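Asks: This is the structure I want to talk about, given as structure tokens.
Every read-out reported here was derived from the displayed coordinates using simple, explicitly stated rules and does not represent laboratory data. Quick caveat: nothing in here was measured; it's all calculated off a predicted structure. Cβ coordinates were reconstructed from backbone atoms using ideal geometry, including for glycine residues, and neighbour counts include every protein chain displayed.
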Amino acid sequence: MAASHDNHLQGRVSVITGASSGNGAATARALAARGARVVLAARNADKLNTLITEIRDAGGTATARVTDVTRLGDVEGLMDFAAGKYGPVDHLVNNAGLMLFSKWPDRGIDDWDKMIDTNLGGYLHAISAVLPGMTARRSGHILNLSSVAGIRVGHASGVYSATKFFICGITDSLRQEVSITHGIQVSMISPGVIDTGWADKVSNAEGKQIAQDLNESAIHPDRVADAVVYALAQPADITVNDIVIHPTHQDW
């Protein structure tokens with residue numbers, strides 16, 4: 001896993017939530033390949049350990065901490081762990097999320113609550129935990145994974161889309177407050193349908209069929225990782241505000 005010595009990722013400390021699979025795992029591999037020291041966070045210890053071994057065997061630098069982003073103490077512990085292992089956190093990739101489909105009359109309250117706790121609470125917890133160090137150093141990069149569902153509401157995705165509209169809102173607010181005043185870069189990636197296994201997690205029967213049909217046009221998580229790498233590799237005086245990436249055949 002050779003890394004270039006003339007890039008802005010070499011030696012950077014990158015914390016990635018939801019790193020055990022999908023976009024998070026692909027991003028971890030891509031950043032490590034370019035010389036970043038990646039700190040992986042997710043709830044599944046076995047998947048984290050497998051990915052660490054893969055990255056290290058390829059010559060990269062990686063460690064992990066089992067983390068539930070819905071718990072603030074877990075996320076604060078993650079940032080302390082990263083700083084103790086490698087030094088101050090340079091990058092936060094806010095990626096942990098749930099995409100669960102259901103129609104409003106089905107009243108999928110359990111799924112709604114899970115998405116609110118993870119997609120909203122998890123992002124806020126990570127931002128809260130990483131921000132003090134970044135503002136003190138007046139440097140760092142926060143990258144939030146959003147979705148095209150945060151631009152246009154899809155079929156049976158009302159609450160999921162709402163969580164992504166929320167991410168758009170907090171990202172823009174962060175840009176206005178901490179980019180201008182503290183020099184912290186704030187970016188957002190808005191993917192379309194990506195083959196991360198998300199469709200298999202939909203429990204609502206009708207929503208599951210809609211998700212599986214939609215997933216037929218999905219593209220590989222590596223394409224999202226490429227976009228993340230591009231955004232994070234920019235020098236400190238440039239911020240990539242948003243990248244929208246989706247399958248050519250996706251119609252929204």
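Asks: Working out 0.36 nm times the residue gap between ILE245 and GLN10, then minus their Cα-Cα distance, what length gain in nm do you get to one decimal? If you can, show how the numbers build up before the last one.
Replies: On the way: separation 235, 0.36 × 235 = 84.60 nm, distance 2.52 nm.
The span from ILE245 to GLN10 would gain 82.1 nm if fully extended.
Asks: Now for a different question. Within the set of other residues whose C-beta is less than 14 Å from the C-beta of THR163, count the net charge using Lys and Arg as +1 and Asp and Glu as -1. Could you put the intermediate results ahead of the total?
Replies: Values: positive: LYS114, LYS164; negative: ASP111, ASP113, ASP117.
In short, -1.
Asks: DSSP loop trypsin sites (Lys or Arg not before Pro) in region 92-139 with at most 11 other Cβ atoms within 10 Å of their Cβ, which ones? Can you show the working numbers first?
Replies: Working: sites: LYS103, ARG107, LYS114, ARG137, ARG138; in loops: LYS103, ARG107, ARG138.
Here the sparse-neighbourhood loop sites are ARG107.
Asks: Moving to a separate point now. Could you grab the relative contact order for region 13-244? Cα pairs under 8 Å, six or more apart, rounded to a whole percent.
Replies: Values: 453 pairs, mean separation 49.0, N = 232.
Across region 13-244, relative contact order equals 21 percent.
Asks: Show that you can apply the helix-only estimate: for the chain, add -39,500 (n - 2.57) for every DSSP H stretch of four or more residues, divide by all residues, and state [θ] at 222 nm to the nearest 500.
Replies: Working: 8 runs with 101 residues, N = 252.
Value at 222 nm, helices only, nearest 500: -12500 deg cm²/dmol.
Asks: Using the structure shown, list the pairs from LYS85/LYS114; LYS47/LYS85; LYS47/LYS103 with a Cα-Cα distance above 29 Å, or answer none. Walk me through the numbers before you get to the answer.
Replies: Working: LYS85/LYS114 31 Å; LYS47/LYS85 20 Å; LYS47/LYS103 32 Å.
Among LYS85/LYS114; LYS47/LYS85; LYS47/LYS103, the Cα-Cα distance tops 29 Å for LYS85/LYS114; LYS47/LYS103.
Asks: Once you sort the root eigenvalues of the Cα gyration tensor of region 1-93 as a ≥ b ≥ c, which label holds: rounded (a/c under 1.5), prolate (a/b larger than b/c) or oblate (the other case)? Numbers along the way, then the final one.
Replies: Values: a/c = 2.01, a/b = 1.35, b/c = 1.49.
Because a/c hits 1.5 or more and a/b fails to exceed b/c, region 1-93 counts as oblate.
Asks: Could the peptides 169-179, 9-19 be put in order, highest first, of the mean number of other beta-carbon atoms found within 10 Å of their residues? Mind showing how you got there, number by number?
Replies: Values: 169-179: 16.3, 9-19: 23.8.
The densest-packed peptide leads the list: 9-19, 169-179.
Asks: For region 14-87, what's the relative contact order in percent, using C-alpha pairs closer than 8 Å and at least 6 residues apart? Show your work: numbers first, answer last.
Replies: Details: 113 pairs, mean separation 21.2, N = 74.
Relative contact order of region 14-87: 29 percent.
Asks: Let me know the charge dipole size of the chain about its Cα centre in debye, to the nearest 20, where only the beta-carbon of Lys, Arg (+1) and Asp, Glu (-1) is charged. All intermediate terms of the calculation are to be shown ahead of the outcome.
Replies: Values: 21 positive and 26 negative charges, 102 e Å.
For this selection, approximately 480 debye.
Asks: Looking at (i) 31, 20, 18; (ii) 26, 24, 16; (iii) 28, 19, 18, which value of semi-axes √(5λ) of the Cα gyration tensor in Å comes from a calculation on the structure shown?
Replies: (iii)
Asks: Could you pull out every whole DSSP H run in the chain that spans at least 15 Å of Cα extent along its own axis and averages 0.5 or higher on the Kyte-Doolittle scale?
Replies: Details: long enough: 22-33 (17 Å, 0.42); 45-57 (18 Å, -0.42); 72-86 (21 Å, 0.21); 123-137 (21 Å, 0.74); 158-174 (24 Å, 0.85); 221-232 (17 Å, 0.62).
Passing helices, by number: 123-137, 158-174, 221-232.
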